[in-house]
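Written out below as structure tokens is the structure these notes cover.
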Amino acid sequence: MRIPLIAGNWKMYKTPDEAEEFCKKFAELYHGTDIRALLLVPFTSIATVKRCTEGTDILVGAQNVYFEKEGAYTGEISAPMLKALAIDYCIVGHSERRGYFGETDDIVNRKAKALLEEGIRPVICVGESLEIREAGGQNTHVSSQIRADFQGIPEEDAVKCVVAYEPIWAIGTGRTATPLQAGEMCSLIREELISMYGEDAADEIIIQYGGSVKPENITDIMDMPEIDGALVGGASLDPVKFMDIINF
Ligand code: 13P
């Protein structure tokens, strides 16, 4: 049985003080739910958010990692360093990283493997651009991302991964994919995972939708059978809005 997972991706927002303010308000509002709540925060706020959520079942994660364990890689953060902060999840392959920082499927795959080696669950992001969607290429594009991003990841690790389907044209644009469009793509992802790992393993993998998720549209999105959660950007910065999404 897949337990729904709703994650907030703060992107490059909030200083540690602002993170603490968020957590205080969020913890006041949070009384535990059947849904898992995850905060994916900037590296600089991980320690603060971990401290502020201690004793709750709110999960905490990072937004990026480097695939080498250590070395002369100025400015990078490794999976063992994240493990030392006792985080649960880490995003890899977000479209902003693919687009602005040249993250390829090969890099995403290596980062996912580095995280799994340390017992951190990767949130692997996939999704097509508007150009690809308008040309009708979304299925081929997303299927090939899944194949490449999971390449060489064995079944026992694959089940620990989360996939986030985030169509680039729906991110930060206010233009949400319709629940049907989102549901269809998440079904396609499940099919691809079934072809790689078989029905039982693929059935365990959490598949989220992301892109302009708000309190107003979360119910319809979560109604789709293959959607097990959401990856929320802008609306996760406000503790009241994010809580409304979790309590949809
Ligand atoms: P928005 O919710 O702001 O559209 O961002 C989605 C996203 O990129 C989450 O990773």
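The values are calculated or read from the model by the stated rules, or taken from the named source; none is laboratory data. Because the structure is predicted, anything quoted here is derived from the model rather than measured. Ideal geometry is used to build each Cβ from the backbone, glycine not excepted, and the neighbour counts take in all protein chains shown. The protein model used for the area step is the full one, side chains on, heavy atoms only, and it has no ligands, DNA or RNA in it. Shrake-Rupley method; radii C 1.70, N 1.55, O 1.52, S 1.80 Å.
In the context of the full set of protein chains, residues of the range 153-245 present 38 Å² of accessible surface per residue (probe radius 1.4 Å, heavy atoms only). Distance from the Cα centroid of the range 1-63 to that of the range 94-164 is 23 Å (rounded to whole angstrom). For the range 55-92, applying the loop criterion from DSSP together with a ceiling of 11 other beta carbons within 10 Å to the chymotrypsin sites (Phe, Trp or Tyr not before Pro) yields 73. Set against the 2.2 N^0.38 Å expectation for a compact globular protein, the chain has a Cα radius of gyration ratio of 0.94. Here the calculated FRET efficiency for residue 29 and residue 140, from their Cβ-Cβ distance with R0 = 35 Å, stands at 0.25, rounded to the nearest 0.05.
Taking amide H as placed 1.01 Å from N in the peptide plane, residue 85 has no amide H partner under 5 Å among residues 5 or more places away or on another chain.
Across the chain, the longest run free of exposed loop sites, meaning trypsin sites (Lys or Arg not before Pro) lying outside DSSP classes H, G, I, E and B with no more than 13 other Cβ atoms within 10 Å, spans 70-174. Pairs over the 26 Å Cα-Cα cut-off, from the set 113/214; 25/160; 25/69; 11/113; 111/160: 113/214; 25/160; 25/69.
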